[in-house]
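The values are calculated or read from the model by the stated rules, or taken from the named source; none is laboratory data. Being a predicted model, the structure only gives us computed values, none of them experimental. Cβ coordinates were reconstructed from backbone atoms using ideal geometry, including for glycine residues, and neighbour counts include every protein chain displayed. These accessible areas exclude ligands, DNA and RNA; they are computed on the full protein's heavy atoms, side chains included. Shrake-Rupley method; radii C 1.70, N 1.55, O 1.52, S 1.80 Å.
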Amino acid sequence: MKTRIPTALLAGVTATAFLAACGGGTKAVDSGGGSKTLTLASVDQGSVEDVVKAFEKANPGVKVRYTTSGADQYQQQIRTQLASGTAPDVMSVWPGNGNPAATHVLAKPGYLRDLSDQPWAAKMPPAIKTVAQYEGKTYTAIFGQNGIGAVYNQQAMDKAGLTPPDTWSKLLDFCKAAKAKGTPAFALGNQDNWVTQLVQYALVATTVYGPDRDFDKKMQAGQATFAKSPWTTALDKYLTMEKSGCFQDNPLGTNYEASQQLAASGKTLGIVQGNWVIALLKGKNPKGTFTFKALPATDAPSATLIPAAAGAGYGINAKTKNEALALKFVNFVMSPEGMNLFAKKQGSLPALPDTGYAVDPSLTELSTFRQGQSHGAVHGPAVAQRQGPADHAQRPPGDLQRPGHPRQGPQGDGRRLPGRQLTAAPSAAPAARPFRMTETCESHWRSGGSACPMSRMER
């Protein structure tokens, strides 16, 4: 365990870094003593530090003791701490029900305080609110949205004389050309279990949910199976990428941290990851330029989709003896200041609209959907479809075409969830394409193979 010791005692709680720095051991930090002390277990290693400093500055006399640790370690520990009464006042909680620290899993036995009465709860976009709730009550303060795709090191790309591919055939040619030049296309840190899911999700957004938006609901109803679905196509494509030299040698012997180093240093041309990795790459190579792009899965650029979802948020221990201070911290996280601090450090998008956040240019492709927000579009996590026409055959049927009306499906069983779908009204912005949004649920990227929201928006 890695421990950073300032001038006071360390906290005895743990946390993890979700969508920011999910590897490594535990880091414990105590920002000081005092009578007004909050305990925090956060998955946001590398970003929560700035948020804690800003919170303490805004609340003189208040001190926060916090720890950070890897996701796998956190998920193993938090339930034990809650059951034994040793959990912190505030803790990281994932959306949905896909891992031991997810909203449904912790709210059902009564471990989390109901946050429905907080001012930001009513402002959460429907697509995010559904996975922050359990039985109609909001338990998780979700502050960010993230997507999965290819993140390219621009300097390495320039040196290799290559450009990001926009079709499946070009992707394979890109990998072969990169390998021939001695610099593999993508770093892959499959030694960390949660990383093994990411390439598949980057592919299935297009191969599975492009043709069949209702695949998850069909799975839930027993009308479809993985074995007889385009998931097999996506898995075959994953293997084809490996055979085409898309990844460095020995991905199973490479952890998440090492994969970041490969991409940041230009030893690979990029990395297939969530957009959160951009901030980490910049930390390792401050002079580098990194850009997020869709990972193509077909030879039709207009059909390419980017999977995206609500990120981990924060919940309050239902048995905390420090409720007022815990609420103050969570509300600070959900304020424009707190949310924008997290978004800037993590390279994510704020979960709530109108925070005044200036999106990093590297996330232009992922953030395009926000162009429609000021023109009546539905806010929420999305998957952008690039270069597609405004109105084609993939429009959802029936009531799904009404802007702002999510269709609620029955809750999943922890292994899979039905799709929750909604559409956004066309944007009236000049020079902006109209948008439609559809949310589906399949597996949580970091949960070890369980369920999480995935959504898609089309342009």
Problem set entry | Search result, residues across region 177-197 that are surrounded by fewer than 23 Cβ atoms within 10 Å (Cβ to Cβ) and either out of contact with any Phe, Trp or Tyr (no Cβ under 8 Å at 6 or more places or on another chain) or under 15 Å from residue 237 (Cα atoms) (or both) | 177, 179, 180, 181, 182, 183, 190, 193, 196, 197
Exercise. Any idea which of (1) among the aliphatic types (A, V, I, L, M); (2) surrounded by fewer than 21 Cβ atoms within 10 Å (Cβ to Cβ); (3) farther than 27 Å from residue 284 by Cα is the one residue 334 doesn't satisfy?
Worked result: (2)
Problem set entry | Qualifying positions in region 134-160 - open to solvent by 10 Å² or more (accessible area, probe 1.4 Å) and under 30 Å from residue 345 (Cα atoms) | 134, 137, 139, 154, 155, 156, 158, 159, 160
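Among the small types (Gly, Ala, Ser) and at positive phi: is that true of residue 347 in this structure?
Yes; evaluated as a whole, the condition is true for this residue.
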For this session: Please work out which one of (1) crowded, with 18+ Cβ neighbours inside 10 Å; (2) assigned to a loop (DSSP other than H, G, I, E, B); (3) among the polar types (S, T, N, Q) is the condition residue 86 fails and give its number.
Result: (1)
For this session: Quick one: in region 214-225, of everything that is of a type in the set (D, E, K, R) and in a helix (DSSP H, G or I), which residue is surrounded by the fewest Cβ atoms within 10 Å (Cβ to Cβ)?
Result: 218
Exercise. Do we find a residue being at pLDDT below 95 and more than 21 Å from the chain's Cα centre (by Cα) anywhere in region 101-112?
Worked result: no
Exercise. Which residues, taken from region 41-67, are within 20 Å of residue 278 (Cβ to Cβ) and open to solvent by 10 Å² or more (accessible area, probe 1.4 Å)?
Worked result: 45, 46, 49, 50
Seminar exercise, completed: Here the residues within region 255-280 that are under 25 Å from residue 50 (Cβ atoms), touching a Phe, Trp or Tyr at 6+ places or on another chain (Cβ under 7 Å) and modelled with pLDDT of 95 or more are 271
Problem set entry | Failed condition for residue 80, given (1) over 23 Å from the mean Cα position of the chain (by Cα); (2) surrounded by 16 or more Cβ atoms within 10 Å (Cβ to Cβ) | (2)
Problem set entry | From the options 106, 115, residue that is open to solvent by less than 40 Å² (accessible area, probe 1.4 Å), in a loop (DSSP other than H, G, I, E, B) and within 14 Å of residue 314 (Cα to Cα) | 115
For this session: Please state which of the following conditions residue 128 fails to meet, knowing it meets all the rest: (1) in contact with a Ser or Thr (Cβ under 7 Å, 6 or more places away or on another chain); (2) open to solvent by less than 10 Å² (accessible area, probe 1.4 Å); (3) closer than 23 Å to residue 197 by Cβ; (4) not in a loop (DSSP other than H, G, I, E, B).
Result: (1)
For this session: Output the residues belonging to region 54-103 that are of a type in the set (Val, Ile, Thr) and within 16 Å of residue 330 (Cα to Cα).
Result: 62, 64, 90, 93, 103
